[in-house]
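K.L.:
Here it is, the structure, as structure tokens.
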Amino acid sequence: MLIRYGKLLVVVALSLSVRVLHNGAAQQSDTAHPAIQYEKTPANDAITQLQQRLARGETKLSYDKQFGWLPALLKALDIPINSQILNFGKTSFQARLISPQRPRALYFNDHISIGFIPHSDLLELAAVDPRQGVVFYTLSQDATAPRVQRDNACLQCHENTATSRVPGLMIRSIYPEPDGQPIFRAGGFVTDYRSPLTQRWGGWYVTGTHGAQRHMGNAFARDARNPEMLDSERAFNVMSLEKRFDTTEYLTPHSDIAALMVIEHQTRVTNLITSANWETRKALHDRDVMVEALGELTTTTAASTERRIKSACEPLVEALLFADEAKLTEPVRGTSGFAEAFAQRGPRDAQGRSLYQFDMTKRMFRYPCSFLIYSAAFDALPPAMLTCIYQQLWNALNGKDASPRLAHLSAQDRQAIKEILLATKKGLPSYWTK
């Protein structure tokens, strides 16, 4: 009985300490957690890999007199120029350089984004490390050589509730003054595919058509006392930005509405993938701590670990399937050709169907399952998390999940998504084919 009592004390002490660590994630960073070690772990992302190729002399970047290293960097990283979106809100650490007359351009693919401001002495880079999440860098615009430096100071803004408490990206919508300064007391929104258009793109330029649907882009709050009264007279269905600023200082004159919608979806799903990865690794680490102390895996510990993994799995599966997606009431069309090029990417099934194909009449994608299911970050999820995801996806696509949040998926949607995944996604469990 004495030994049993002592063991009970150990269990209680360990349980409390693990619970504090787990619950503490809601208040503080997990970057230093023993299972994560974000800042100490060497990055393994596309920027690091490019640096290594440059160091070995396998790749060279050419310097452009007007745009610096930007054009060569986009080409080397396979980032399309037509992905350009423009932000005139002063929300970057380079806020002093940003204004409606000189917006900050962002270019992106599914795992890298690059920020460019004319006449700035650096480029802002963010790349997804498949295990560690988004890693931030700056690249000097010095013509002598491309010098990339990791910048963990970005976590001050890029690791919070808006990024699922992991290093990530977010799209903010603000009430901007005419100079681009946010009216902080008015608040704002962190937007993704669930946000109604009426809350999106404050502080952003938006080019494209969207009918009578309204958004916050291309507009300013002329009266700081009534910031919600945006000056929107020329804000909607904008096809050209040439009268608003000097578009020749950018690689294209567009800030494509389709590109804005894609990056909003992408930021949320990427953050949830990172969160699912981290939460699983932390849960398994905490389980191992308990097992080492007790010499056995108790039913309680096993159940706790399973609950933690499931709690991180469910929101990711819902996001992959576009749960709670804001509905479109009229067709949306961009101006840069981004949507047309994007739709040609990715694998297709025998019928030519792809998760990259758009709808843009009532919802964003024709087949509402995220293309990020093909990403290296998704494939790098721990096996325990992948097991949970694939089971929940299977249940959803076979009508075994009656959640109201998945009611937007018709029987035809579910069947099409299942068929596309079976034809194009490697690593599916064997029960998917039965």
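We did not get these values from a lab; they are worked out from the coordinates using the rules stated. The structure presented is a predicted model; accordingly, all values stated were derived computationally and were not measured. Every residue, glycine as well, gets a Cβ built from its backbone with ideal geometry; the counts of neighbours run over all protein chains shown.
K.L.:
Arranged by the count of other C-beta atoms within 10 angstrom, fewest first, what order do Arg194, Arg165, Arg268 take?
P.N.:
Ascending Cβ contact count within 10 Å gives the list Arg194, Arg165, Arg268.
K.L.:
Something else now. What lysines sit close enough to Lys90 to cross-link, taking a C-alpha to C-alpha distance under 25 Å and skipping anything fewer than 8 places away on the same chain?
P.N.:
In chain and number order, the partners are Lys243.
K.L.:
In addition: Summing +1 for each Lys or Arg and -1 for each Asp or Glu, what net charge is found among the other residues whose Cβ lies under 15 Å from the Cβ of Ala276?
P.N.:
Working: positive: Arg131, Arg165, Arg268, Arg281, Lys282, Arg307, Arg308, Lys310; negative: Asp30, Asp129, Glu279, Glu306, Glu314, Glu318, Asp379.
Summing Lys and Arg as +1 and Asp and Glu as -1 gives +1.
K.L.:
Treat the count of other C-beta atoms within 10 Å as a stand-in for reagent exposure and order Cys369, Cys154 from fewest to most.
P.N.:
So the ranking, lowest neighbour count to highest, is Cys154, Cys369.
K.L.:
Would you please give the residues with an amide H less than 5 Å from that of Tyr193, counting only those at least 5 places away or on a separate chain, with H modeled from the backbone geometry?
P.N.:
His265
K.L.:
Please give the helix 257-294 orientation as an angle from the longest Cα principal axis of the chain, in degrees from 0 to 90, rounded to the nearest 10.
P.N.:
That helix lies at roughly 20 degrees to the long axis.
K.L.:
Work out, step by step, the length gained on full extension between Ala402 and Leu294: first 0.36 nm times the residue separation, then minus their alpha carbon distance; give nm to one decimal.
P.N.:
Separation in residues times 0.36 nm, less the Cα-Cα distance, equals 34.9 nm.
K.L.:
Another question, if that's okay. Give me the distance between the Cα centres of region 377-434 and region 199-219, rounded to whole Å.
P.N.:
The distance from the Cα centre of region 377-434 to that of region 199-219 comes to 34 Å.
K.L.:
Separate question: What are the semi-axes of the equivalent ellipsoid for the chain, taken as the square roots of 5 times the Cα gyration tensor eigenvalues, largest first, in whole Å?
P.N.:
Taking √(5λ) for each Cα gyration eigenvalue gives 38, 27, 23 Å.
K.L.:
If you fit an axis through the alpha-carbon atoms of helix 299-320 and take the longest principal axis of the Cα set of the chain, what angle between them do you get, 0 to 90°, nearest 10?
P.N.:
Relative to the chain, helix 299-320 is tipped by roughly 20 degrees.
K.L.:
When the Cα centres of region 37-63 and region 67-88 are compared, how far apart do they sit, in Å?
P.N.:
Their Cα centres are 17 Å away from one another.
K.L.:
Still on this structure, I have one more. Positive end of the charge dipole of the chain (Lys, Arg +1 and Asp, Glu -1 on Cβ, about the Cα centre): tell me which of Thr91, Gln156, Trp394 has its Cα farthest that way.
P.N.:
It is Trp394, whose Cα lies furthest towards the positive end.
K.L.:
Take Asp349, project a point 7 Å from its Cα along the Cβ direction, then tell me which residues of region 413-434 have their backbone nitrogen under 13 Å from it.
P.N.:
Within reach of a label on Asp349: 413-425, 433.
K.L.:
May I pose another question? Determine, for Lys362, Lys282, the number of other Cβ atoms within 10 Å of each Cβ, and report the residues in order from fewest to most.
P.N.:
Fewest to most other Cβ atoms nearby, the residues stand as Lys362, Lys282.
K.L.:
If R₀ is 35 angstrom, what is the calculated FRET efficiency for the pair Glu330 and Ala411, using the beta carbon separation as r and rounding to 0.05? It would help to have the intermediate numbers written out before the result.
P.N.:
On the way: r = 26 Å, r/R0 = 0.74.
Efficiency, rounded to the nearest 0.05: 0.85.
K.L.:
Using bins 5 angstrom wide from zero, how does P(r) for region 275-391 break down, in % of all Cα pairs?
P.N.:
2, 10, 16, 16, 14, 12, 9, 7, 5, 4, 3, 1, 0
K.L.:
Okay, moving on. What number comes out for the charge environment of Asp223, summing +1 per Lys or Arg and -1 per Asp or Glu over other residues with Cβ under 12 Å away?
P.N.:
-1
K.L.:
Quick check: net charge around Asp246, other residues with Cβ under 15 Å of its Cβ, Lys/Arg +1 and Asp/Glu -1?
P.N.:
Surrounding charge for Asp246 is +2.
K.L.:
Kindly flag which residue pairs out of Lys75/Lys434; Lys282/Lys425; Lys65/Lys327 have an alpha-carbon separation exceeding 32 Å in this structure.
P.N.:
Cα-Cα > 32 Å for Lys75/Lys434; Lys65/Lys327; rest within.
K.L.:
Can you give me the C-alpha center-to-center distance between region 338-359 and region 279-302, rounded to a whole angstrom?
P.N.:
Comparing the Cα centres of region 338-359 and region 279-302, I get a distance of 43 Å.
K.L.:
Could you sort the peptides 76-82, 121-127, 86-92 by per-residue average Cβ neighbour count (10 Å cutoff), highest mean leading? Present the calculation step by step, with values, prior to reporting the outcome.
P.N.:
Numbers: 76-82: 17.7, 121-127: 20.4, 86-92: 22.7.
Listed from highest to lowest mean packing, they are 86-92, 121-127, 76-82.
K.L.:
Name every cysteine in the chain that ends up alone, with no second cysteine's Cβ under 4.7 Å, or say none.
P.N.:
Unpaired cysteines in the chain: Cys154, Cys157, Cys369.
K.L.:
May I pose another question? Rounding to the nearest 10 and keeping the result within 0 to 90°, find how far the Cα-based axis of helix 46-55 lies from the longest principal axis of the chain.
P.N.:
80 degrees
K.L.:
Further question on the same structure: At Leu422 and Asp78, where each label point lies 7 Å from the Cα along Cα→Cβ, what is the point-to-point distance in nanometres?
P.N.:
2.8 nm
K.L.:
Okay, helix-only estimate at 222 nm for the chain: each DSSP H run of n ≥ 4 adds -39500 (n - 2.57), divide by all residues, round to 500 deg cm²/dmol; what do you get?
P.N.:
Theoretical 222 nm ellipticity from helices: -10500 deg cm²/dmol.
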